Amino acid sequence: MHIHEGVLHPAVLAAGWAITAGGLSLGLKRLPTERIMHAALLAAGFFVASFIHFSVGAVNIHLTLNALVGLFLGWGAFPVIFTGLLLQALLFNYGGLTVLGVNTAVMAMPAVLFGLALHRWLAARNTPATVALAAQEAPSPSAPSARPCITVPALPVVVAVVATLLCSNLLYVLALAASGKEFYPIARVAFVASLPLMAVEAPITLLVLRSIAKARPAAFTLGKQTPCL
Amino acid sequence: MSVNPTTAPLKPTATVAGSPARIHPAVHVAGLFVCSLALSFTHTLWAAAYALAVSLPLPFLKGLPWRTVLGRMALGNLFVLFIWLTMPFTLGQHPVATLPFGLAVYAEGLTKSLLLTLKINCLLALGLAFLHTASVHETAKALATLGVPHKLTLLLLLTARHMHSLWASYRTVCNAAALRGFTPCLRLRKLPKFAALVTFVLLKSLERADNVDAAMRLRGFTGAFPAPLFAPAKQHVVRGVVAYGLALVGLLVIEHLAP
């Protein structure tokens, strides 16, 4: 979901940069310097995972994993998504520099909003004792089966993923529509074309979360107020 | 060819595609940003055509293979195709032609589609010439020179550094899956396999993060590299400012003089 350079109105570009600057400022502030390495590795992981493509008829769609980024990184999603989009502009010429603000805002705002909501929901449903026990290192190979597992219910995860993608699509459409009436038809087609992604990404995100809950529950950082890697 | 490690990092001229850069990378980043912004204000076909004529040869002059240029431009033009399929039929009130099934083609829609095509292709060519040919390292240094927060440039460098190793791990698993006869397509029963692939990449990145973090801490990493100063040479800045300035003045003059 990239908007190209040369399409949007300057006022929309300015609004995108204003939101992104605020998000980046908050995200970088909440990201301790000594945890940069973890954020970078996660960013690289999400970047690579987003290259997994599906064939849907004649077109290829790829995962965005926005909700996962928001869940694991909270406000850190802003710098991580910004970095990913900048790398895509540098390596593949997708998007561009002036439109980077809008593209980041479109992707990161819903990710932070629904990622944090999902984090709180999971933290409320899993007691601190369960989280602490689940996060403990397994003392022996037989221990993982005996360890309590973090509960990841299907409905909230699916709702969070669908809401994240829906909001991203709506912001994308809004950015195009705010640039001129002539973009209305394109915005409508783009919105409909992105709907299949929700049907694919929601179950995949749920399966990924359940696997991570079993293999590495500490990654959820549920014992903390907000996710901070 | 050996490089003297004591002098190489202090070399003031960045290298782009193997040749010494004559314009500082920070000037390229700032210049591209200003050019993109100026083009978003452009409303005349003449000015957009001028911008495209100036920018189109640049990827070839930078030594990019024509296949790469055409491939990237074609990919970027998918959105342009989208524009041509909708805008000429929906924007305007003065039809210039009628297609079969009563589809009217409007003059305003055609003009706007052409304007957007010229602008998008101009910016694609500029991006290819100056962003695509620069390494991530150079761009990070350019951003640091322009005052972008240190954490963000560090995040960019570290992400780019570890992306390739994670990609290699992912390809290994993909090859193994392909050998077992797994073909990627949208079927419900294949979703768990896709999820397993994504989980593998994420778990690998978490595991690597722990290992690399521990190793870096042991080497005394405190969140910043003792990088050498990247002081831009004056002539590389002046040359870039003059080049971008002349291009922008040309754009402004044509925009105002165009009928």
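Observations
- Contacts under 9 angstrom Cβ, first residue in region A:189-202 being more than 9 Å from every other protein chain (Cβ to nearest Cβ) and acidic (D, E), partner part of a helix (DSSP H, G or I) and open to solvent by less than 60 Å² (accessible area, probe 1.4 Å), 6 or more apart: A:E201/A:N66; A:E201/A:A67; A:E201/A:V161; A:E201/A:V162; A:E201/A:T164; A:E201/A:L165
- Qualifying position, being in a helix (DSSP H, G or I), buried (at least 18 other Cβ atoms within 10 Å of the Cβ) and away from chain A (no Cβ under 13 Å), among B:A144, B:A48, B:A140: B:A144
- The requirement of being modelled with pLDDT under 85 and part of a helix (DSSP H, G or I) is not satisfied by A:E201.
- Output for region A:149-195, where each listed residue is open to solvent by 20 Å² or more (accessible area, probe 1.4 Å) and of a type in the set (F, W, Y): A:Y172, A:Y184, A:F191
- Number of the exception - B:L131 against (1) part of a helix (DSSP H, G or I); (2) at pLDDT below 90; (3) more than 7 Å from chain A (Cβ to nearest Cβ): (3)
- Applying the condition of being open to solvent by 40 Å² or more (accessible area, probe 1.4 Å) and of a type in the set (F, W, Y) to region B:200-225 and asking which residue is nearest to the other protein chains (Cβ to nearest Cβ) yields B:F200.
- Summed over region B:89-98, residues that are loosely packed, with under 11 Cβ neighbours inside 10 Å and more than 16 Å from A:E182 (Cβ to Cβ) total 1.
- Condition broken by B:Y106, with the remaining ones in (1) at the interface with another protein chain (Cβ under 7 Å from one of its Cβ atoms); (2) surrounded by 17 or more Cβ atoms within 10 Å (Cβ to Cβ) satisfied: (1)
Okay, residues lined up against (1) at the interface with another protein chain (Cβ under 10 Å from one of its Cβ atoms); (2) under 13 Å from the mean Cα position of the chain (by Cα); (3) in a helix (DSSP H, G or I):
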| site | (1), (2), (3) |
| --- | --- |
| A:I3 | yes, no, no |
| A:A14 | yes, no, yes |
| A:L73 | no, yes, yes |
| A:I81 | no, yes, yes |
| A:Q88 | no, no, yes |
| A:L97 | yes, no, no |
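- Subset of region B:72-92 (residues that are facing another protein chain (nearest Cβ under 7 Å) and without any contact (Cβ under 8 Å) to a residue 40 or more places away in the chain): B:F82, B:I83, B:T86, B:M87, B:T90, B:L91
- Selection status of B:V96, of a type outside the set (G, A, S), more than 20 Å from A:H2 (Cα to Cα) and without any contact (Cβ under 8 Å) to a residue 24 or more places away in the chain: yes
- Verdict on B:L75 being open to solvent by 70 Å² or more (accessible area, probe 1.4 Å), in a helix (DSSP H, G or I) and at pLDDT below 90: yes
- The lone criterion from (1) open to solvent by less than 10 Å² (accessible area, probe 1.4 Å); (2) modelled with pLDDT of 85 or more; (3) over 13 Å from A:F114 (Cα atoms) left unmet by A:I81 is number (1).
- Of all the numbered requirements in (1) within 13 Å of the chain's Cα centre (by Cα); (2) open to solvent by 10 Å² or more (accessible area, probe 1.4 Å), A:V112 misses one, and that requirement is (2).
- Any chance B:L123 is over 30 Å from B:H43 (Cβ atoms), at the interface with another protein chain (Cβ under 9 Å from one of its Cβ atoms), part of a helix (DSSP H, G or I) and not small (G, A, S): no
- The number of residues in region A:9-45 being in contact (Cβ under 8 Å) with a residue 60 or more places away in the chain, open to solvent by 60 Å² or more (accessible area, probe 1.4 Å) and under 21 Å from A:L71 (Cα atoms) comes to 3.
- All of B:L158, B:L166, B:L197, B:L154 fail the test of being out of contact with any helix residue (DSSP H, G or I) (no Cβ under 6 Å at 6 or more places or on another chain), open to solvent by less than 40 Å² (accessible area, probe 1.4 Å) and not assigned by TED's automatic domain parsing to the domain that holds B:L61, apart from B:L197.
The values are calculated or read from the model by the stated rules, or taken from the named source; none is laboratory data. As the structure is a computational prediction, the values presented were derived from the model and not from experiment. Positions of Cβ are generated from backbone atoms using ideal geometry, with glycine treated the same way; all protein chains shown enter the neighbour counts. Side chains are part of the model used for accessible areas, which takes the heavy atoms of the whole protein and leaves out ligands, DNA and RNA. Shrake-Rupley method; radii C 1.70, N 1.55, O 1.52, S 1.80 Å.
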